[in-house]
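Engineer: Have a look at the structure that comes next, please.
The values are calculated or read from the model by the stated rules, or taken from the named source; none is laboratory data. These figures come from a predicted structure and were not determined experimentally. Virtual Cβ from ideal backbone geometry, glycine too; neighbours counted across all protein chains shown.
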Number of protein chains: 2
Amino acid sequence: MNPGDRVRVDSDDRTYEGVLLPSSTDDDLVVKLEGGYNVGIDREGSEIDVLAEDVYEIDGAQDGDEGEASTVEFDDDLPTISLISTGGTIASTVDYRTGAVTAQFDAEDVLRAVPDLAGRANYRGRVVANILSENMEPTIWQDLASAVYEEIEAGADGVVVMHGTDTMQYSASALAFMLETPVPIVFTGSQRSADRPSSDNVMNAVSAVEAAKSDCAEVLVCMHASDSDTTCALHRGTRVRKNHTSRRDAFETVGAEPLGTVDYESEDVTFRRAHRERDAVDLELSPDLETDVELVKFTPGMDPAFLEIAEGSAGLIVEGTGLGHVHTDLIPKIEELIEDGTTVVMTSQCLEGRVCDRVYDTGRDLLEAGVLEGEDTLPGTAKVKLMWALENSEDVDEAMGTSLAGEIQERSVPWE
Amino acid sequence: MNPGDRVRVDSDDRTYEGVLLPSSTDDDLVVKLEGGYNVGIDREGSEIDVLAEDVYEIDGAQDGDEGEASTVEFDDDLPTISLISTGGTIASTVDYRTGAVTAQFDAEDVLRAVPDLAGRANYRGRVVANILSENMEPTIWQDLASAVYEEIEAGADGVVVMHGTDTMQYSASALAFMLETPVPIVFTGSQRSADRPSSDNVMNAVSAVEAAKSDCAEVLVCMHASDSDTTCALHRGTRVRKNHTSRRDAFETVGAEPLGTVDYESEDVTFRRAHRERDAVDLELSPDLETDVELVKFTPGMDPAFLEIAEGSAGLIVEGTGLGHVHTDLIPKIEELIEDGTTVVMTSQCLEGRVCDRVYDTGRDLLEAGVLEGEDTLPGTAKVKLMWALENSEDVDEAMGTSLAGEIQERSVPWE
């Protein structure tokens, strides 16, 4: 029994049939099922029958690719896509013993795990980090931005960033502010690990590569558009949000339709909204970040002492209620922070709609105290933006009210 | 010129025609337009023509009500609804000078301002607070719960709570935990003040009264279901969220359809999902709250020192990423808090979907540290619930994992 063989595996509770893939551990088998998904199966207690040997050439080319050379050979007719991994479910193999997910990835691994990527592009691969994305940090954003910069400078026609889904929206925002890019930078991930028949890793990776080849020069997030395996949505990195803990279509563009879609079957990438087109700007990297920025979500009953955590900080994002409010007892403390040099930006926990602090007394008091309005910038995006603006913008106040990377949307209706 | 006269008002920029209503200030006129909306107009610079005198009997009955007696007289055939105001836009009149909204309300005021309420019920009215809802506090929740309790005990067949929209979801949750109610307790408010032709105050108030008469024994939020004036949605108080800063249909039930609807034209109240029916439980008030509970939203780059604000607190709600994660560097501090007696509950900033800390290492470490899973309880609701549970539940850990007032939904799919 070798990788590349067609096998039938009888495990404790069911039977799988497919192609055996290389596994990173001795404890589990990874089998590519007919539908394209890879499933991890505990080797212990499984009975394995080899149905046919070597049906699949594991070094890259898929059986049936009509003798095409290994995909690691360069094809002049194909664009070059850089695959960059930061870890997370999509770049993971399964350790069935503990149920845990261990991250492990290089470009060749991806071609082995996702043979469907073959023939679509020449690939370059690199690992920037190997973390679950809840452990993402500003320094890794900087490493990631530098790696993406280098890949594009070296000729990549597009970049796919494999990333855990927990903090993908924050990292996508960070890159959107740190990089001016002439090519697509496409984040993708997986909500279900490869050990589950419902895994979304193959379709998301394939769709992300197609998006990375498209006529776009923005930071995008490419994830399932619905719970079925037909279409991925392309979200602007600064406007996307993980809105469900577990669904495959957890990611949504807030307050608008996604920029576009990738049809899985036809491979068509369609943009439905205005976006920056390929080569519209020159490549530029501005990686400096002020990391001393806090985010505070206001809720009723919050003690004004809570804001002491922001004392001496360079920046504070407040996630207020409604149009951008907090309890009026908090305003003197906010004013004090501002007088001491902290930049304070108001956003709304409503998520949709625009902050407007000119309607009610509370808002006007906040403006008088020196609070900046974040417009309709999402709170998390506002935090990343402020970290960036404090190091890179000559006029931070103006920058926070200006759309730098699509994070502020045009008013759709006059009263917004 | 007297309240009740039909007038035409030429103000600086436009002309209004309607019935003059009483105004709380000398500076502005309040005119009820044909469509039912009340508009506030700056008296200064306005030219007023009286078109007809006394077309409207201001003491309650609307002109055309066929000689019906004043609505303040008791009608045996109608249910009794208590209107309780806490302030906010719905209970406000307009001060055009500053653009500010000043709250002012008693039951008779409401009948004057919203004549459409006449004939639907006998009304009792009381003011519990007169605040913009961002200033709502746990002590006012206790006053409000006591007032509602007294009203129901005195025979009210339903209660309507007029409330600012900013923190309505938190107050509705608070009452849902503090009160067992045999009748509907319906929160309503207004996203647009009465000075705007697009105000939603009349339709929301009327629909809330209809909902308060319905066959339900839960705490509901009644607000516009769409941007048109056809239907109000009835949301379960513990599952509702203000999801837009300014739209009239800002309120949404998270992760499910609303419980029901009120059709504005037909006045039909329709429940589409299972709910507790009228008189299913006896009236009971449990108003004690532990106010020393904090909520922290985790974002990348958060300093572990941030959690020091929860030191010595009775409770802490963490709004984590994805299935319920934070940076692993924060876990030792969380463990320390728990060892020192703080109850820590994990929720998700995704808002939709369920927390599950058994899938990934980070989650398992959090569970081992003693963190409780908030299931799919919304973070704001979880904060209110923990404040209540710490004072009223014998087993707080068990209470946080059990649906006490519909705040935890049944799993819709096995993997949720």
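Every residue, every condition in (1) facing chain B (nearest Cβ under 9 Å); (2) on the phi > 0 side of the Ramachandran plot; (3) in a loop (DSSP other than H, G, I, E, B), yes or no:
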position	(1), (2), (3)
A:Val318	no, no, no
A:Ile331	no, no, no
A:Ile334	no, no, no
A:Ile338	no, no, no
A:Val344	no, no, no
A:Val355	yes, no, yes
A:Thr362	yes, no, no
A:Asp365	no, no, no
A:Glu368	no, no, no
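Engineer: In the range B:154-196, what residues are farther than 14 Å from B:Ala405 by Cβ and charged (D, E, K, R)?
Structural biologist: Hits for the range B:154-196 are B:Asp157, B:Asp166, B:Arg192, B:Asp195, B:Arg196.
Engineer: Here's something else I'd like to know. Just need a number here: residues in the range B:166-194 that are at pLDDT 95 or above, polar (S, T, N, Q) and in a loop (DSSP other than H, G, I, E, B).
Structural biologist: The initial filter retains those residues of the range B:166-194 that are at pLDDT 95 or above, namely B:166-188.
With polar (S, T, N, Q) added as a condition, the list becomes B:167, B:169, B:171, B:173, B:181, B:188.
Checking the rest, the ones that are also in a loop (DSSP other than H, G, I, E, B) come to B:167, B:181.
Final tally of qualifying residues: 2.
Engineer: If you go through the range B:199-249, how many residues are acidic (Asp, Glu), surrounded by fewer than 23 Cβ atoms within 10 Å (Cβ to Cβ) and within 23 Å of B:Val30 (Cα to Cα)?
Structural biologist: Adding up the residues that qualify gives 1.
One line per residue, one yes/no per condition, for (1) at pLDDT below 95; (2) outside the structural domain of A:Gln169 (by TED's automatic domain parsing); (3) closer than 30 Å to B:Phe251 by Cβ:
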{"position": "A:Glu319", "(1), (2), (3)": "no, yes, yes"}
{"position": "A:Gly322", "(1), (2), (3)": "no, yes, yes"}
{"position": "A:Ser348", "(1), (2), (3)": "no, yes, yes"}
{"position": "A:Arg358", "(1), (2), (3)": "yes, yes, yes"}
{"position": "A:Thr362", "(1), (2), (3)": "yes, yes, yes"}
{"position": "A:Gly370", "(1), (2), (3)": "no, yes, no"}
{"position": "A:Met387", "(1), (2), (3)": "no, yes, no"}
{"position": "A:Glu391", "(1), (2), (3)": "no, yes, no"}
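Engineer: Restricting attention to the range B:254-289, and to residues there that are farther than 30 Å from A:Lys297 by Cα and in contact with a helix residue (DSSP H, G or I) (Cβ under 7 Å, 6 or more places away or on another chain), which single residue is surrounded by the fewest Cβ atoms within 10 Å (Cβ to Cβ)?
Structural biologist: Top of the filtered list is B:Glu267.
Engineer: Is it true that some residue in the range B:319-329 is under 26 Å from B:Ala172 (Cα atoms), under 24 Å from the mean Cα position of the chain (by Cα), buried (at least 24 other Cβ atoms within 10 Å of the Cβ) and not small (Gly, Ala, Ser)?
Structural biologist: Checking the range B:319-329: at least one residue is under 26 Å from B:Ala172 (Cα atoms), under 24 Å from the mean Cα position of the chain (by Cα), buried (at least 24 other Cβ atoms within 10 Å of the Cβ) and not small (Gly, Ala, Ser).
Engineer: Let me ask something else. Can you name the strands (runs of 3 or more DSSP E) wholly within the range A:195-269 that have at least 1 residues being acidic (Asp, Glu)? Reasoning before the result, please.
Structural biologist: On the way: elements: A:219-224, A:231-236, A:240-242, A:251-253, A:260-263.
Because the criterion is at least 1 residues that are acidic (Asp, Glu), the strands (runs of 3 or more DSSP E) in the range A:195-269 that meet it are A:251-253, A:260-263.
Engineer: Something else: What about A:Asp292, is it over 25 Å from A:Gly353 (Cα atoms), surrounded by fewer than 22 Cβ atoms within 10 Å (Cβ to Cβ) and within 14 Å of chain B (Cβ to nearest Cβ)?
Structural biologist: yes
Engineer: Looking at B:Val186, B:Val127, B:Val160, which one is away from chain A (no Cβ under 14 Å), surrounded by fewer than 24 Cβ atoms within 10 Å (Cβ to Cβ) and closer than 29 Å to A:His325 by Cβ?
Structural biologist: B:Val127
Engineer: Would you confirm whether any residue within the range A:233-246 is over 18 Å from the mean Cα position of the chain (by Cα), assigned by TED's automatic domain parsing to the domain that holds A:Gln169 and modelled with pLDDT under 95?
Structural biologist: no
Engineer: While we're looking at this one, here's another question. In the range B:24-43, which residue that is farther than 15 Å from B:Val202 by Cα and surrounded by fewer than 19 Cβ atoms within 10 Å (Cβ to Cβ) is modelled with the lowest pLDDT?
Structural biologist: Restricting to residues being farther than 15 Å from B:Val202 by Cα and surrounded by fewer than 19 Cβ atoms within 10 Å (Cβ to Cβ), the top hit is B:Ser24.
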